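The values are calculated or read from the model by the stated rules, or taken from the named source; none is laboratory data. In this text, all values refer to a predicted model and were calculated from it rather than measured experimentally. Cβ placement follows ideal geometry from the backbone for every residue including glycine, while neighbour counts extend to all protein chains displayed. The accessibility values were calculated without ligands, DNA or RNA, using every heavy atom of the protein model including side chains. Shrake-Rupley method; radii C 1.70, N 1.55, O 1.52, S 1.80 Å.
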Amino acid sequence: RGIFNVTAVHPEKISEDKLVEFAAYGEYYSNHPIAKTIKEEYGKQIDTHRLKEYKEIAGKGVSVIIDGHSVLIGNAKLMDENNINQHPCHKSGTTVHVGVDGKYAGHIVISDTIKSNSQKAIRLLKECGVSKTVMLTGDNKKIANEVAGLAGIDEVHSSLLPEDKLELAKEIMKNSGISAYVGDGINDAPALTRADIGIAIGAGTDIAIDAADVVLMKSRLSDVPAAVRLSRATLKNIHENLFWAFFYNVIGIPLAAGVWIP
């Protein structure tokens, strides 16, 4: 649904309030829904003078200096790359890890809920003749599998960086005949361009909308099978028109060549 909530705060050798404060300051410049949720959880005015050397690390998180402390905020890959031993969380959701001065400071769990019409959308796609559905996501394996199971998606690939998503999408499309790709983010734009049919969710980013062949004006997955049905009805209409145009020309032209049609 894109409506996120902080469902757990697990600090390590610092207070919960301090962990949320570090995360909120680190996410200050980000417009990502998860970043907004963390800032809302903090709920205080952020003093930007405390921030220095902000850097966004694509597909992994951010690094920033806060009050002279080197802070990393992001996924497990970001922690691993910086030799910070993070602790996995048993709670379901997106885990945002925080490292301070090279040491693990804890993590925050952000949870979302699946859209109510997602299961119906996948079922209708299969009724339309779609042979296989695949989900590509940057979320961790646990939450990705849960969502795929609830929605009835056939195959899922998780913990993907933007470049991983593109390469996997290319491979799947290469081996799947005619394929469609549905997305709404900046990371989806290259795959939307390469797919036989690129479908952008209307509430998504401008670059995704520009890259797509079809734009769904409402953020409803059930509009995807509706678009398939509409396109087939349109194509059927075109074929019928072509048939009758051909038919009356085949009959009419010989008659016009004679004397029966003035």
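Values for this structure:
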{"item": "Single residue of Asp164, Asp139 found to be open to solvent by 50 Å² or more (accessible area, probe 1.4 Å), in a loop (DSSP other than H, G, I, E, B) and among the acidic types (Asp, Glu)", "result": "Asp139"}
{"item": "Residue in region 37-57 that is open to solvent by less than 30 Å² (accessible area, probe 1.4 Å), within 30 Å of Ser158 (Cβ to Cβ) and out of contact with any Cys (no Cβ under 6 Å at 6 or more places or on another chain) present", "result": "yes"}
{"item": "Those residues of region 95-106 which are surrounded by 20 or more Cβ atoms within 10 Å (Cβ to Cβ) and on the phi < 0 side of the Ramachandran plot, in sequence order", "result": "Thr95, Val96, His97, Val98, Gly99, Val100, Ala105"}
{"item": "Matching residues in region 220-262 - criterion: being among the charged types (D, E, K, R) and at pLDDT below 95", "result": "Arg220, Asp223, Arg229, Arg232"}
{"item": "Filtered residues of region 108-119 (kept if open to solvent by 30 Å² or more (accessible area, probe 1.4 Å) and in contact with a helix residue (DSSP H, G or I) (Cβ under 9 Å, 6 or more places away or on another chain))", "result": "Asp112, Ile114, Lys115, Gln119"}
{"item": "Sole exception among (1) among the acidic types (Asp, Glu); (2) surrounded by fewer than 16 Cβ atoms within 10 Å (Cβ to Cβ); (3) over 25 Å from Glu171 (Cβ atoms) for Asp223, by number", "result": "(2)"}
{"item": "Test: residue in region 36-49 that is within 18 Å of His107 (Cα to Cα) and β-branched (Val, Ile, Thr)", "result": "yes"}
{"item": "Condition check for Asn82: closer than 27 Å to Glu146 by Cα and either among the polar types (S, T, N, Q) or surrounded by 18 or more Cβ atoms within 10 Å (Cβ to Cβ) (or both)", "result": "no"}
{"item": "Residues of region 174-196 classified as open to solvent by less than 30 Å² (accessible area, probe 1.4 Å), free of Cβ contacts under 8 Å to residues at least 24 places away in the same chain, in a helix (DSSP H, G or I) and not acidic (Asp, Glu), total", "result": "2"}
{"item": "Cβ-Cβ under 6 Å pairs, at least 6 apart or on other chains, region 135-147 side under 20 Å from Met173 (Cβ atoms), far side surrounded by fewer than 16 Cβ atoms within 10 Å (Cβ to Cβ)", "result": "Leu136/Leu168"}
